[in-house]
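Visitor: Got a structure for you, written out below as structure tokens; questions coming shortly.
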Amino acid sequence: TTEANCGLQNYPELVEGPKKGDDDKRLCSTLLRALSPHKVIVSIGSNSEFGFEEQMLSCTSSHIVTFDCTVSNPTNKPKSTRVSFHPYCVGETDDGQFRTWDSIARIAISTTKVSVPRIGVLKMDVEGWEWKVLPQVMRAAPLYRPQQIAVELHLITHKSMNVPGFVGGVLSQHRSKLGELRTAMNAAGYALVDRNDNPWCSHCTEVVFVYV
């Protein structure tokens, strides 16, 4: 699968404002169109915005499961029964409001009542925690490996996020870590099919990995 044949398409943020486009996500549309109802879409990090979920409702028949421990009352969540919300953030351990990727994946696939569920899409914007989550995804059992991953990579994050590996809010040895991530993802069967630097954030870039 490459950018040329995966039907790469932009799914723009639906919320109007001066930074419209900041949360855009790209995905392989050919893979989305091929999603069957037993493949779920996982969205981690919503910040009370559900434009991504609304777009996925319109172009797939899959169930969409959103996770965010910072949102206590998701009033903007689409009313559709195909969208469910869980007040958890992704982390290194199952503790309090945090859940590991395996736990989040387990919750997500439990929303579909078929014998062999799969995760079709992982969309993630978690302000630096992606550096701790992606290794978990790479180590996960095949059942918990998403078909495609759209994630915003951060080189700087807020100190309050307490992300391991960030010193003073800055990712340590970020140049080598970017190369190491791509090599590790490739070894785990994921191809990098797109990179789209965020025009609103000089230290953020949106990438798409596809499991091949």
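The values are calculated or read from the model by the stated rules, or taken from the named source; none is laboratory data. Everything quoted here is computed from the prediction, not taken from an experiment. All Cβ positions, even for glycine, are placed from backbone atoms using ideal geometry, and neighbour counts span all protein chains on display. Remember, those area values only see protein heavy atoms, side chains included, never the ligands or the DNA or RNA. Shrake-Rupley method; radii C 1.70, N 1.55, O 1.52, S 1.80 Å.
Visitor: Return yes when residue 13 is at pLDDT below 90, touching a helix residue (DSSP H, G or I) at 6+ places or on another chain (Cβ under 6 Å) and among the charged types (D, E, K, R) and no when it is not.
Guide: Spelling it out, residue 13 is indeed at pLDDT below 90, touching a helix residue (DSSP H, G or I) at 6+ places or on another chain (Cβ under 6 Å) and among the charged types (D, E, K, R).
Visitor: Now a separate question. Just a yes or no: is a residue in the stretch 68-83 modelled with pLDDT of 95 or more, more than 14 Å from residue 126 (Cβ to Cβ) and of a type in the set (Asp, Glu)?
Guide: Scanning the stretch 68-83 turns up no residue that is modelled with pLDDT of 95 or more, more than 14 Å from residue 126 (Cβ to Cβ) and of a type in the set (Asp, Glu).
Visitor: Another question, if that's okay. Residue 163: closer than 20 Å to residue 31 by Cα and open to solvent by less than 50 Å² (accessible area, probe 1.4 Å), yes or no?
Guide: no
Visitor: Answer yes or no as to whether residue 193 is in contact (Cβ under 8 Å) with a residue 40 or more places away in the chain and either more than 16 Å from residue 40 (Cα to Cα) or in contact with an Asp or Glu (Cβ under 9 Å, 6 or more places away or on another chain) (or both).
Guide: yes
Visitor: Every residue in the stretch 181-212 that is assigned to a strand (DSSP E or B) and open to solvent by 40 Å² or more (accessible area, probe 1.4 Å), please.
Guide: Answer for the stretch 181-212, where residues must be assigned to a strand (DSSP E or B) and open to solvent by 40 Å² or more (accessible area, probe 1.4 Å): 192, 195, 196, 197, 211.
Visitor: Can you tell me which of (1) closer than 29 Å to residue 39 by Cα; (2) part of a helix (DSSP H, G or I); (3) of a type in the set (A, V, I, L, M, F, W, C) is the one residue 178 doesn't meet?
Guide: All conditions are met except number (1).
Visitor: Based on what the data block shows, is residue 74 touching a residue at least 40 places away in the same chain (Cβ under 8 Å), assigned to a loop (DSSP other than H, G, I, E, B) and not aliphatic (A, V, I, L, M)?
Guide: no
Matching residues to (1) over 13 Å from the mean Cα position of the chain (by Cα); (2) surrounded by fewer than 17 Cβ atoms within 10 Å (Cβ to Cβ); (3) under 19 Å from residue 211 (Cα atoms); (4) modelled with pLDDT under 90:
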| position | (1), (2), (3), (4) |
| --- | --- |
| 9 | yes, yes, yes, no |
| 20 | yes, yes, no, yes |
| 23 | no, no, no, yes |
| 26 | no, no, yes, no |
| 30 | yes, yes, yes, no |
| 36 | yes, yes, yes, yes |
| 59 | yes, yes, no, no |
| 63 | yes, no, no, no |
| 66 | no, no, no, no |
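Visitor: Can you tell me which residues in the stretch 43-57 are touching a Pro at 6+ places or on another chain (Cβ under 7 Å) and modelled with pLDDT of 90 or more?
Guide: 50, 53, 54, 57
Visitor: So which of 53, 49 ends up being closer than 25 Å to residue 131 by Cβ, among the acidic types (Asp, Glu) and not in a loop (DSSP other than H, G, I, E, B)?
Guide: 53
Visitor: Quick test of your reading of the structure: residue 103 fulfils all but one of (1) within 27 Å of residue 205 (Cβ to Cβ); (2) modelled with pLDDT of 95 or more; (3) of a type outside the set (D, E, K, R). Name the failing condition by number.
Guide: For residue 103, the failing item is (1).
Visitor: Of (1) open to solvent by 40 Å² or more (accessible area, probe 1.4 Å); (2) at pLDDT below 95; (3) of a type outside the set (A, V, I, L, M, F, W, C), residue 91 satisfies all except one. Which?
Guide: In the conditions (1) open to solvent by 40 Å² or more (accessible area, probe 1.4 Å); (2) at pLDDT below 95; (3) of a type outside the set (A, V, I, L, M, F, W, C), residue 91 misses (1) alone.
Visitor: Test residue 144 against the criterion of being of a type in the set (Ser, Thr, Tyr), closer than 18 Å to residue 31 by Cβ and open to solvent by 60 Å² or more (accessible area, probe 1.4 Å), and give yes or no.
Guide: For residue 144, the condition - of a type in the set (Ser, Thr, Tyr), closer than 18 Å to residue 31 by Cβ and open to solvent by 60 Å² or more (accessible area, probe 1.4 Å) - is not met.
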